[in-house]
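Note sheet for the following structure.
The values are calculated or read from the model by the stated rules, or taken from the named source; none is laboratory data. From a predicted model like this one, the values you see are computed outputs, not experimental measurements. Note that we place each Cβ from the backbone using ideal geometry, even for glycine, and neighbour counts take in every protein chain shown. Calculation scope for accessible area: heavy atoms of the full protein, side chains included, ligands and nucleic acids excluded. Shrake-Rupley method; radii C 1.70, N 1.55, O 1.52, S 1.80 Å.
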Amino acid sequence: MEKAHTHSLNWLRSHLKPTLWAECDVLYARDPKGYITLQDTYQLNVNLLLLAQWLDNLHIEHQSLILNTAIWSELNSKVKAHDQNALIPYRQHRRASKSRLSASQYQHMLKKELLLERQTQQFILTELDVILQHADNKDINITPIENINRQTADSEQINHSRNADAYLSLFS
């Protein structure tokens with residue numbers, strides 16, 4: 001792996017934990033119903049979609065980091081298996097119980113589900129760190145910002161949501 005590539009990945013790995021989920025919370029707050037609709041319609045993981053969007057907005061030393069579809073697929077499979085143990089069954093139970101619960105009981109269940117979501121977020125960080133440690137140049141594209149922002153020959157803007165598109169392509 002070339003030196004600049006390694007430097008960028010090391011920078012990313014060191015900055016994932018401090019800001020990632022707080023910034024993703026801001027993204028989520030823009031359209032929570034939209035994210036839930038995507039989750040329920042396509043069984044996608046909202047946390048992975050938020051991570052993809054965060055990466056699409058992240059610029060490391062004037063570069064953009066794009067994970068290939070194979071990495072998104074691997075990450076999705078691992079997170080799906082993780083969530084099958086607690087989060088998904090709990091979410092199904094909460095939804096099925098809604099009509100039988102008081103508002104405060106339901107809010108308590110929502111808070112517990114959020115704690116399970118936070119556990120999934122930590123799991124995602126751990127798995128992504130492992131993947132990034134073993135990734136090579138074909139798995140991750142580090143592209144200078146000017147190449148992403150340049151206009152194509154037919155004057156259409158190059159897609160700025162490459163990570164989100166790669167993740168969403170798993171569900172089409």
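Taken as a whole, the structure places residue 51 among residues that are open to solvent by less than 50 Å² (accessible area, probe 1.4 Å) and assigned to a helix (DSSP H, G or I). For residue 11, the test of being at pLDDT below 90, surrounded by 11 or more Cβ atoms within 10 Å (Cβ to Cβ), aromatic (Phe, Trp, Tyr) and in contact with a strand residue (DSSP E or B) (Cβ under 9 Å, 6 or more places away or on another chain) is passed.
Need at least 2 residues that are surrounded by fewer than 13 Cβ atoms within 10 Å (Cβ to Cβ) and modelled with pLDDT under 95 per element, so show me which helices (runs of 4 or more DSSP H) inside the range 93-172 make the cut, counting only ones lying wholly within it.
Passing ranges, in order: 103-134, 145-149.
Within the range 18-35, the set of residues being at pLDDT below 95 and surrounded by fewer than 14 Cβ atoms within 10 Å (Cβ to Cβ) comprises 18, 19, 22, 25, 26.
Each residue in the range 90-135 was checked for being of a type in the set (D, E, K, R), in contact with a Phe, Trp or Tyr (Cβ under 9 Å, 6 or more places away or on another chain) and free of Cβ contacts under 8 Å to residues at least 24 places away in the same chain, and 3 pass.
Residues that are open to solvent by 40 Å² or more (accessible area, probe 1.4 Å) and either in contact (Cβ under 8 Å) with a residue 12 or more places away in the chain or among the aromatic types (Phe, Trp, Tyr) (or both) within the range 64-89 comprise 68, 69, 70, 73, 74, 78, 80, 82, 86, listed in sequence order.
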